[in-house]
1. From the residues in the stretch 261-306 that are without any contact (Cβ under 8 Å) to a residue 12 or more places away in the chain and among the small types (Gly, Ala, Ser), which one is nearest to LEU179 (Cα to Cα)?
2. Run down VAL315, VAL250 and say which single residue is surrounded by fewer than 21 Cβ atoms within 10 Å (Cβ to Cβ) and modelled with pLDDT of 95 or more.
3. Out of all the residues in the stretch 173-187, which are in contact (Cβ under 8 Å) with a residue 12 or more places away in the chain and assigned to a helix (DSSP H, G or I)?
4. Among the listed residues LEU293, LEU289, LEU335, LEU274, which satisfies the condition of being within 24 Å of ILE399 (Cα to Cα), in a helix (DSSP H, G or I), out of contact with any Ser or Thr (no Cβ under 7 Å at 6 or more places or on another chain) and not charged (D, E, K, R)?
5. Residue pairs, Cβ under 6 Å, 6 or more apart or interchain, first in the stretch 236-260 and closer than 25 Å to ALA409 by Cβ, second charged (D, E, K, R) and part of a helix (DSSP H, G or I). List them.
6. How about the stretch 385-407: which of its residues are touching a helix residue (DSSP H, G or I) at 6+ places or on another chain (Cβ under 8 Å) and surrounded by fewer than 21 Cβ atoms within 10 Å (Cβ to Cβ)?
7. From the list ARG358, ARG416, which residue is over 22 Å from ILE73 (Cα atoms) and modelled with pLDDT under 90?
8. Within the group THR63, THR52, which residue is β-branched (Val, Ile, Thr), under 19 Å from LEU112 (Cα atoms), at pLDDT below 80 and surrounded by fewer than 24 Cβ atoms within 10 Å (Cβ to Cβ)?
Amino acid sequence: MRAQNGAPPPPEAAAQRRILAVLVFSQVLSGAGLAAGITVGALLAEKMLGSTGLAGVPSTLFTAGSALGAVAIGRVCQRWGRRPGLALGYGGGALGSLGVVVAATIGSVPLLFLALLVYGAGTSTNLMARYAGADMAPPARRGRAVSTVLFATTLGAVVGPNLVTATGDVAHAWGIPRLAGPFLLATVAFGAAAIVLACLLRPDPLRLARALAQGAPAASAEDGTAEPADRPHRHGLAIGTTVMILTQLVMIAIMTMTPVHMTAHGHSTQAAGLVIALHVGAMFLPSPLTGLLVDRVGRQWVAAASALTLLAAGVLAALAPPHSVPVLATALVLLGLGWNFGLISGTAMVTDALPPARRAATQGLVDVGIAISGAVGGMSSGLIVMVGGYPVLALAGGILALALVPVLALTARPARNTLAPANATERAGRAEQGHTR
């Protein structure tokens, strides 16, 4: 069957392949920008503020900024689609990164704080792109679609921390403090990602998913589980959100203070960058396997594995000899892996629970909760280390993550997914052609 202009409608599978290809390209670029704040944000603040207790402020600010960014990006996506929303977010990240460089150069703490808030929009966009990968994915492959987008972040996110010395040398040659060097890279990386998405993310995945859903019943009437297509499944939404919030809090708290802990015990910034690179690699590199497990084994089982992995990470970090880079690196790898389990399983639960018509704005609000939990973890981490030391912080984080296990056990319930019928393709094709003219 052909559309009114005589052209065949775009096949859903082909559209999804193109969408994922563009998202993968943009995530490779943006990963380097994401790594800048993780690697040197706390060290830059410690130097400019002159206090270890305030070293968690950058993490707090850019996660708070990511909360504001998540709301704004979610609303833009809800009204106009994923393409303008994600491009706008990465543009904000580039502007914020440049602001951090200027603040470090002139020694302005107020400008640093403002720039970190804006930089947070870029970090929130990096994570919100995973929802775009899932928009057109059938429920049985949703975990793998999310994992493909996250996996693409690996290259930039792993390479970025290892360029601390190189970008620092470039910054020094230009009369900029060395610790601001990674933010120069972030400016270019986020800017390039914004251009790629603005120009190439066609068809828009959220618009196409909405078009498919317009003529679809919520579920097969044969199984007696049909619900209105615009009604979210609150149970799945709540559980998925809780999983992501708790894993984010634990990961940010321990990760933020690890470079500070290492440099306080005589390790170089290059050694700290290596540990963080391994950590960030573990956050994203296992994504294809995690996505497969989420789809095959189940969302809740992978979420429970997240809690146990984070517990192991916290215990190992607490017991690690301060001068042992390999042990600290192993703990941070487990920390990243536990976060990966939680984010992909939680994202699948949330996307399962939301119809396309209400998806983007609600996902933005979910990511606000994630960002706020990260801000709490970042702000409290410096204070906990100042009062009780790094081992106390690590152990407390691991124990807190374990709280997910009883929550998942008590709330376990079969998930219900909504599927659009195949014959909705023609409707989707006509709608998307209208959007892109």
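The values are calculated or read from the model by the stated rules, or taken from the named source; none is laboratory data. Note that the structure is predicted; figures quoted are calculated from it, not measured. FYI the Cβ positions are ideal-geometry reconstructions off the backbone, even for glycines, and counts take in every protein chain you see.
1. Only one residue tops the list, namely SER268.
2. Result: VAL315 is the single residue among VAL315, VAL250 that is surrounded by fewer than 21 Cβ atoms within 10 Å (Cβ to Cβ) and modelled with pLDDT of 95 or more.
3. Of all residues in the stretch 173-187, those in contact (Cβ under 8 Å) with a residue 12 or more places away in the chain come to 175-177, 179-187.
If the condition is that a residue be in contact (Cβ under 8 Å) with a residue 12 or more places away in the chain and assigned to a helix (DSSP H, G or I), then LEU179, ALA180, GLY181, PRO182, PHE183, LEU184, LEU185, ALA186, THR187 are the ones that fit.
4. Values: LEU293 fails: within 24 Å of ILE399 (Cα to Cα); LEU289 fails: within 24 Å of ILE399 (Cα to Cα); LEU274 fails: within 24 Å of ILE399 (Cα to Cα).
When all the criteria are applied, what remains is LEU335.
5. Once the first residue is closer than 25 Å to ALA409 by Cβ and sits in the stretch 236-260, its partners that are charged (D, E, K, R) and part of a helix (DSSP H, G or I) give GLY236/ASP352.
6. MET386, PRO391, VAL392, LEU395, ALA396, ILE399, LEU400, LEU402, ALA403, VAL405, VAL407
7. Numbers: ARG358 fails: over 22 Å from ILE73 (Cα atoms).
After ruling out the rest, the residue left standing is ARG416.
8. On the way: THR63 fails: surrounded by fewer than 24 Cβ atoms within 10 Å (Cβ to Cβ).
Answer to the check: THR52.
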